[in-house]
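Visitor: Dropping a structure here in structure tokens format, bear with me for questions.
The values are calculated or read from the model by the stated rules, or taken from the named source; none is laboratory data. Values in this document were obtained by computation on a predicted structure and should not be read as measured data. Here Cβ is always computed from backbone atoms with ideal geometry, including for glycine, and neighbour counts include all displayed protein chains. We work out accessible area using only protein heavy atoms, side chains counted, and drop any ligands, DNA or RNA first. Shrake-Rupley method; radii C 1.70, N 1.55, O 1.52, S 1.80 Å.
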Amino acid sequence: MKRYRDLSSWLKEKYGSKVYKVSLTAATTCPNLDGTLAKGGCSFCNDAAYSPLALAKNRRGQSIATQLKEGIAYVKKRHRTPKFISYFQSFTSTYGDKKILLEKFKESLDHPDVVGLALSTRPDCIDEAWIESLLKFGKNKICWIELGLQSANDAVLAKINRWHTRRQFSEAMKILSRYPIPVCAHAVLGLPGETRKDVLETARYLATQPIHGIKIHNLHVVKGTTLANEYQRGEYTPLDLETFVDWGVDFLEQTPPHLLVHRLNAHAPRDLTLAPDWSVNKLGVFNAVENELEKRDSWQGKALGFSN
Ligand code: SF4
């Protein structure tokens, strides 16, 4: 029995085969790093953690065509699949020269094996002009916006140096909801100072937003970050697996069943991960969430009164 609406099954049904994301960079930066808002970035942020180490070097100087070629070859070594999504996950992918960015997005969508793209961004970097352009050339393909909220508690957002608020997320959603563009909201569980109550509040808040999907995952401590320093000074303790799974399933129970679940765990390359150890075992985390759902005989939206 399927207990949540996962993105990969949805894509398989839609395209008749597995679809994998290929991580690309549009060589952007972020207002939280370039001094516009701040210079330190979110306390957990290390861009190197977002793509396979084998591909990470010199990617910012590479054309989209080269990144796609190498990224597709990398995925094909592990999975037999003919279809891909261009995933602009690096930094804030809608921040920068719009003309240049749109050309890069278009170039990635023009690739015959690419069925869509996903753009990872912040609530304060949403602009109506580029959404309109994106929709024009992305007409026959999926164009997801992955919008980072992380937590609905402003005190937690301040603690991780996020430099945006829950209200800004709501304002961005108001703009995006005027367009036929699917939005996946991104939340992280186990942020510094975050409690189970905060996590439930984030889930309940997102259930009220006009989103189409969610990406929720554990916080892991990556080398070279402010969070790594806090962890080494004993000021931050990551969640243990049991607590993460417990909170993750609580979150799913508060999530309306029509929302696609894009992700339930996150990991960085082992060489970059300081803690927790369990986060590098992607399959282990996935199985633990599935087992907890089964143990509780629960499913996405159960706490909202939906049956499975
Ligand atoms: S908004 Fe994203 S890219 Fe910018 S500092 Fe935070 S995590 Fe890093």
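Visitor: Using modelled amide H (1.01 Å from N, peptide plane; none on Pro or chain starts), what sits under 5 Å from the amide H of Leu189, excluding residues fewer than 5 places away?
Guide: His217, Asn218, Leu219
Visitor: Report, by chain and number, residues whose modeled amide H sits under 5 Å from the one on Lys21, excluding near sequence neighbours (fewer than 5 apart, same chain).
Guide: Hits under the 5 Å cutoff: Ile85.
Visitor: Shifting gears a bit: By the scheme Lys and Arg +1, Asp and Glu -1, what is the net charge of all other residues having a beta-carbon under 15 Å from that of His186? Write out the running numbers ahead of the final one.
Guide: On the way: positive: Lys21, Arg122, Arg162, Arg166, Lys215, Arg263; negative: Asp124, Glu146, Glu194.
Charge balance near His186 sits at +3.
Visitor: Give the dimensionless ratio obtained when the Cα radius of gyration of the chain is divided by 2.2 N^0.38 Å. Let's see the in-between values first.
Guide: On the way: Rg = 18.4 Å, N = 308, 2.2 N^0.38 = 19.4 Å.
That works out to 0.95 for the chain.
Visitor: Of the residues Ile216, Ile175, Ile160, which exhibits the maximal mean-square fluctuation in a Gaussian network model of the chain defined by a 10 Å Cα contact cut-off?
Guide: Comparing Ile216, Ile175, Ile160 in the GNM, the peak value goes to Ile175.
Visitor: Using label points projected 7 Å from each Cα along Cα→Cβ, tell me how many nm separate Arg270 and Lys18, to one decimal.
Guide: Placing both labels 7 Å along Cα→Cβ, they lie 2.1 nm apart.
Visitor: May I ask you to list, by number, the DSSP H helices of the chain whose Cα span along the axis is at least 30 Å and whose average Kyte-Doolittle hydropathy reaches 0.0 or more?
Guide: Working: long enough: none.
Long hydrophobic helices here: none detected.
Visitor: For the chain, what is the accessible area per residue in Å² when the probe is 1.4 Å?
Guide: Values: 14180 Å² over 308 residues.
Heavy-atom accessible area per residue stands at 46 Å².
Visitor: Shifting gears a bit: Of Gln89, Gly71, Gly248, which is farthest towards the positive pole of the chain's charge dipole, taken about the Cα centre with +1 and -1 on the beta-carbons of Lys, Arg and Asp, Glu respectively?
Guide: Value: Gly71.
Visitor: Also, quick follow-up: May I ask for the distance between the Cα centers of region 141-204 and region 224-241, given as a whole number of Å?
Guide: Centre-to-centre distance over Cα atoms comes out at 22 Å.
Visitor: Residue by residue, what Karplus-based ³J(HN,Hα) values in Hz, rounded to whole numbers, does region 27-36 have, using 6.51, -1.76 and 1.60 with θ = phi - 60° and x for Gly and Pro?
Guide: 6, 8, 10, 8, x, 8, 10, 8, x, 4
Visitor: Once the piece of chain linking Ser9 and Lys77 is laid out straight, how much longer is it, given 0.36 nm per residue of separation minus the C-alpha distance between them? Can you show the working numbers first?
Guide: Values: separation 68, 0.36 × 68 = 24.48 nm, distance 2.12 nm.
Working it through step by step, the gained length comes to 22.4 nm.
Visitor: Using label points projected 7 Å from each Cα along Cα→Cβ, tell me how many nm separate Val280 and Arg60, to one decimal.
Guide: 2.6
Visitor: Please state the shape class of region 1-151: rounded when a/c is under 1.5, otherwise prolate if a/b exceeds b/c and oblate if not, all from the C-alpha gyration tensor. Write down the numbers at each step before the final one.
Guide: Values: a/c = 1.42, a/b = 1.38, b/c = 1.03.
It comes out rounded by the Cα gyration axes.
Visitor: Within 13 Å, Cβ to Cβ, of Cys30, how many net charges do the neighbouring residues add up to if Lys/Arg are +1 and Asp/Glu are -1? All intermediate terms of the calculation are to be shown ahead of the outcome.
Guide: Details: positive: Lys39, Arg122, Arg162; negative: Asp34, Asp47, Asp124.
Summing Lys/Arg as +1 and Asp/Glu as -1 gives 0.
Visitor: How about Lys21: which aspartates and glutamates have a C-alpha closer than 15 Å to its C-alpha, ignoring those fewer than 8 places off in the same chain?
Guide: Partners found: Asp6, Glu70, Asp113, Glu146.
Visitor: Where the accessible area of region 7-295 is counted over protein heavy atoms with a 1.4 Å probe, how much of it, in %, is carbon and sulfur?
Guide: Working: 6560 of 12980 Å².
In region 7-295, the share of accessible area belonging to carbon and sulfur is 51 percent.
Visitor: Mind checking the full-extension length gain between Glu103 and Glu242? Use 0.36 nm per residue of separation minus the Cα-Cα distance, one decimal, nm.
Guide: 45.6 nm
Visitor: Sorted by mean Cβ packing within 10 Å, highest first, what order do the peptides 76-83, 268-275 take? Display every interim value, and only then the final one.
Guide: Details: 76-83: 11.8, 268-275: 16.1.
Per-residue Cβ counts within 10 Å, averaged per peptide and sorted highest first, yield 268-275, 76-83.
Visitor: List the residues whose amide H sits under 5 Å from the amide H of Leu274, counting only those 5 or more places along or on another chain, with H placed 1.01 Å from N in the peptide plane.
Guide: Val221, Val222, Lys223
Visitor: Let me ask something else. In nm, what is the difference between 0.36 nm times the number of residues separating Phe137 and Lys2 and their Cα-Cα distance?
Guide: Full extension of this stretch gives 45.1 nm more.
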